[in-house]
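Reviewing the structure listed below.
The values are calculated or read from the model by the stated rules, or taken from the named source; none is laboratory data. What you see is a predicted model; the values in this text were computed from it and never measured. Positions of Cβ are backbone-derived with ideal geometry, glycine not excepted, and every protein chain shown enters the neighbour counts. Side chains are part of the model used for accessible areas, which takes the heavy atoms of the whole protein and leaves out ligands, DNA and RNA. Shrake-Rupley method; radii C 1.70, N 1.55, O 1.52, S 1.80 Å.
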Amino acid sequence: MTRLATVLALLLAALAYFVPTAAGGTPVVYAACTTIAILAVMAYGADLILSYLGEVSLGHTIFWAAGGYAAAMLSVNLGWNGWMTAGASVGTAIALASVLGWVTLRTREFVFSLVTYAAAVVAMEVAFNWSFLGGSDGIVGVPPLELTLFGHGITGSTNADLWPVAWGLLMLTLLFIQRFRHSRLGTSALMVQMNPDLAQALGVDARSVRFLVFVTSAPISALAGWLYAYQRAYVGPDMFESYFLVLMLTAIVIVGRRLLLGPLIGTALIIVQQTFFSIGGDGDKIVLGAVLAAILLLWPKGLIGVWELLRVRRAS
């Protein structure tokens, strides 16, 4: 049954490619769909930490921003194409995650969250004040994305042009998450979270598992930042803003943890509200924060928990 549910989930995600066309194919629709795909991938990176280690990383905006800065700097200053900047984004994220993962190796729960948040604050201040990274003005004029192979591929900067890339990145992320869930590392991570004594008895090195999962999660969020840089042709310190952090966490918990399509559905709900039912920039942020607080306080298991509760009550 689980395998069937996974196949159906992946099939549903594949059909999402045709959503912009079915919804009218307007620029607004393409912008919303592309943004949902990008931000969902960003959330999947943080989801590995929250769902499989049981920790709340408040520093994943570092990797999200690192991907964007790598893409912007190398494309603007050196003329690198999309394949090269994507590789640089992944490499930068792995390097940063290795350092931060090593620093936080001995920390847990509240301390882990504080240390990762402090790292994000430091990274934002560095980006804001360092002219090498564009300072407070950021890096403007990111050229259109070029992803060509043997003369064929994607070239463009509009959301309609970027949609196939965003959808493809989302599908690759979903396939990776699915493989991770059934991998030795994913199983070990859950064991370390749920039964550390059993994990130790079976010879699982908890520190190594935590470090590897942390490093594995970083390139996912970085690739989302990489594509986001091309989408808006600009990268700046605002990528470190708490908005993206709250969006990640809300997208993960609103439906329920360890659900393959959970972060995608959560992100879609948030972006649809902000795009088509917006009450203003500050108002949308208030709604986002209120939803996160309500879910954590009232329905810790997310909407899937509410559904299970209703089903039990109906059965009784």
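Under the Kirkwood approximation applied to all pairs of distinct alpha-carbon atoms, what is the hydrodynamic radius of the range 194-316 in Å?
Details: mean 1/r = 0.0583 Å⁻¹.
The answer is 17.2 Å.
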Residue among L261, L170, L297 with the largest mean-square fluctuation in a Gaussian network model of the chain, springs linking Cα atoms under 10 Å: L297
Calculated on alpha-carbon atoms, Rg and Dmax of the range 125-166 in Å: 14.8, 41
Normalised alpha carbon radius of gyration of the range 133-282 [divisor 2.2 N^0.38 Å]: 1.27
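Per residue and in Å³, how big is the convex hull formed by the alpha-carbon atoms of the range 105-177?
Numbers: hull volume 14.1 nm³, N = 73.
Cα-based convex hull of the range 105-177, divided per residue, equals 193 Å³.
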Relative contact order, percent, the chain [alpha-carbon distance under 8 Å, six or more residues apart]: 30
Longest to shortest principal axis, alpha-carbon extents of the range 18-91, angstrom: 39, 39, 16
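Considering every pair of different Cα atoms, what Kirkwood radius, in Å, is found for the range 1-138?
This gives a value of 17.5 Å.
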The range 249-296 and the range 156-233: distance between their alpha carbon centers, rounded to Å: 20
Expected 222 nm ellipticity per residue - DSSP helices of 4 or more, -39500 (n - 2.57), all of the chain, to 500: -24000 deg cm²/dmol
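Taking the mean number of other Cβ atoms within 10 Å as a proxy for protection, how do you rank 139-147, 76-84, 44-52, 61-69 from highest to lowest?
Ranking the peptides 139-147, 76-84, 44-52, 61-69 by packing returns 61-69, 44-52, 139-147, 76-84.
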Intensity falloff of the range 189-265 expressed as log10 I(q)/I(0), Debye formula with alpha-carbon point scatterers, at q = 0.12, 0.26 Å⁻¹: -0.52, -1.20
For the chain: accessible area per residue (Å², 1.4 Å): 49
The chain: C-alpha pair distances exceeding 27 Å, %: 43
